[in-house]
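Novice: Got a structure for you, written out below as structure tokens; questions coming shortly.
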Amino acid sequence: GRGRGRYGRGDGSGGNLDNSIDPNAARPGGNNGGTFGDLINTLYRVDGQSYPAYRDIESSSRGWTSSSSSSVDAASFSLYVGRAQADPFARPTRCRIVVPSSYAQFPAESYSTKIRAIALSDYLNRALSAACIGLGADQAAGGGGWSGAKGGDIRIEAPGQNVLEQSAVVVDASGNVTVQFAINLPARGRTIQGDRAVEIFERTLPTLVK
């Protein structure tokens, strides 16, 4: 069923979601973090290693931070990665992105009440889901048997027909936007494909944020 979000506090936490009831929330994992450049370097470092080395990108609360001041094309957001899946056949890795209101820049009146915030969150969920499909980012690699390429798809909870409170995308009372989604971390067999992971984290995710 669809996860029920809570109207968020103005602390960038994306609604202080309860992991016990929210199907979108990540399980706590390691707590690495740093700049987005640090994350990309980590992915290059674990390229070719056995799949459990993906645990090095787990970041429960520190986050991997991208700043628009670092590049004209960069987006400002923090990425948090929950407990990494144990192998390519396990459930995908839960992540969340927090986009500060200073970058999102939605008019204050668009989230000034709970009803308006729910409507804006629903609109963003629909736009993000459509963008993910449009980019082909929802398509996993397949074929080639056990040793073939696997994963690489991004999963965003699809919106239903009605405008409902949900936890896939939440705009809090200060205009910060939290997006919760899952990534099937890419591999060939049980070996990490760092180059494909870099494509997802360095190019696809920032494109979806923008």
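Novice: Run the simple label-point estimate for Glu199 and Ala86 please: 7 Å along Cα→C-beta, distance reported in nm.
Specialist: Those two pseudo-labels are separated by 2.9 nm.
Novice: Please sort 53-62, 107-116 by packing, taking for each peptide the average over its residues of neighbouring beta carbons within 10 angstrom, highest first.
Specialist: Result, highest mean first: 53-62, 107-116.
Novice: While we're on this one: Quick check on packing: order 83-89, 149-155 by the mean number of other C-beta atoms within 10 Å, highest mean leading.
Specialist: The densest-packed peptide leads the list: 149-155, 83-89.
Novice: Same structure, new question: Suppose all protein chains stay in the model; what accessible area per residue would a 1.4 Å probe give for the range 93-210, in Å²?
Specialist: I get 44 Å² per residue for the range 93-210.
Novice: For Arg45 and Ala127, what is the calculated FRET efficiency with R₀ set at 41 Å and r taken between the beta-carbons, to the nearest 0.05?
Specialist: Plugging the Cβ-Cβ distance into 1/(1 + (r/R0)^6) gives 0.75.
Novice: If you count, for each residue, the other Cβ atoms within 10 Å and average over each peptide, how do 126-136, 193-203 line up from highest to lowest?
Specialist: Descending mean neighbour count gives 193-203, 126-136.
Novice: If you don't mind, there's one more thing I want to ask. Separation between the Ser110 and Ser174 pseudo-spin-labels, each 7 Å from Cα along Cα→Cβ, expressed in nm?
Specialist: 1.9 nm
The values are calculated or read from the model by the stated rules, or taken from the named source; none is laboratory data. As the structure is a prediction and not an experimental result, all values here were calculated from the model. All Cβ positions, even for glycine, are placed from backbone atoms using ideal geometry, and neighbour counts span all protein chains on display. Note: accessible area is taken over every heavy atom of the protein model, side chains too, but ligands, DNA and RNA are not part of it. Shrake-Rupley method; radii C 1.70, N 1.55, O 1.52, S 1.80 Å.
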